[in-house]
Amino acid sequence: MTETQLSLSPEVLVCGLRIRILAMETTKSRWNTVLIGARPGRYLIFDMPKVNNMPVKLDEGSRWSITFITNGRIFTFNGEVIGSCYRPFPLVFFTYPETIEISNLRNDKRYPVNIPITLNTANDTPELITKGLLLDLSWGGCLTASTVEIPKDVTLLMNLYLDGSNTIEGLMVEKKSCRNKQGTFYTGFSFLSSNPVAVTDRLGEFISEIESIPLRL
């Protein structure tokens, strides 16, 4: 269920939140960044997106759709670039949202996939729990199929084997749902907000590639 509310509560603006921004005036500009700070009612401050470790300038006045996930909910709103700076750190300033849409995880669009995965324990010496298949993928979570029931209330590490040597390793996930059908366990997972930046960036790039694939009839 999605709800719309006025303004954005400052309590959810925790520094370090992973932020996804999508240009509203073009179809190719998608970036992942981090919330650095905010002045409620005035502006938001993000780390300037980077390519090859170089900051990407966002044009002043350009408009973006902004999304982040926290406490099991997805926050989406529109913002406009009002300025940027490069010293002492490359930062970009966005308008503070007047309205915002909030929905529960997994209400966002799901993309059907067929990707081999492994699930491991999340400790100093990860142990294999099972192999399986990733059946669908979204910004907030995924659905997998396996022949082994996944334990509850534990953090797991998921490795995605995309093609050849192209992998996403160490994605921290948490089991949210499960159903057993003829010996196959279909398990829904959510992605934890505490995932390493490098892992979420790789996942974001992969989902953005899926989103940019043209529809073929």
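The values are calculated or read from the model by the stated rules, or taken from the named source; none is laboratory data. This structure is a prediction, so every number in the text was calculated from the model and none was measured. Ideal geometry is used to build each Cβ from the backbone, glycine not excepted, and the neighbour counts take in all protein chains shown. Surface areas here come from the heavy atoms of the whole protein model, side chains and all, with no ligands, DNA or RNA. Shrake-Rupley method; radii C 1.70, N 1.55, O 1.52, S 1.80 Å.
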- Note on the structure: Over the stretch 21-52, the set of residues open to solvent by 40 Å² or more (accessible area, probe 1.4 Å), within 16 Å of ILE69 (Cα to Cα) and free of Cβ contacts under 8 Å to residues at least 40 places away in the same chain is TRP31
- Which pairs have Cβ atoms under 6 Å, sit 6 or more apart or on different chains, and link a residue in the stretch 183-208 that is assigned to a helix (DSSP H, G or I) to one that is open to solvent by 40 Å² or more (accessible area, probe 1.4 Å) and at pLDDT below 90? THR200/ARG18; ASP201/ASN32; GLY204/ASN32; SER208/ARG30
- Which of the residues that make up the stretch 181-205 are open to solvent by 30 Å² or more (accessible area, probe 1.4 Å), among the aliphatic types (A, V, I, L, M) and under 11 Å from the mean Cα position of the chain (by Cα)? LEU192, VAL197
- Item | Given (1) touching a residue at least 60 places away in the same chain (Cβ under 8 Å); (2) surrounded by fewer than 17 Cβ atoms within 10 Å (Cβ to Cβ), number of the condition LYS152 does not satisfy | (1)
- Task: Only one of these is crowded, with 18+ Cβ neighbours inside 10 Å and touching a strand residue (DSSP E or B) at 6+ places or on another chain (Cβ under 6 Å): SER146, SER177. Name it.
- Result: SER146
- Query: Tell me, which residue of the stretch 88-103 that is part of a loop (DSSP other than H, G, I, E, B) and closer than 19 Å to GLY16 by Cα is least open to solvent (accessible area, probe 1.4 Å)?
  - Reply: PRO97
- Query: Of all residues in the stretch 46-69, which are of a type in the set (D, E, K, R) and in contact with a strand residue (DSSP E or B) (Cβ under 6 Å, 6 or more places away or on another chain)?
  - Reply: ASP47, GLU60, ARG63
- Message: in contact with a strand residue (DSSP E or B) (Cβ under 9 Å, 6 or more places away or on another chain), within 18 Å of LYS152 (Cα to Cα) and of a type in the set (Gly, Ala, Ser): is that true of SER208 in this structure?
- Response: no
- Item | Matching residues, the stretch 66-78, being open to solvent by 30 Å² or more (accessible area, probe 1.4 Å) and at pLDDT 85 or above | THR76, ASN78
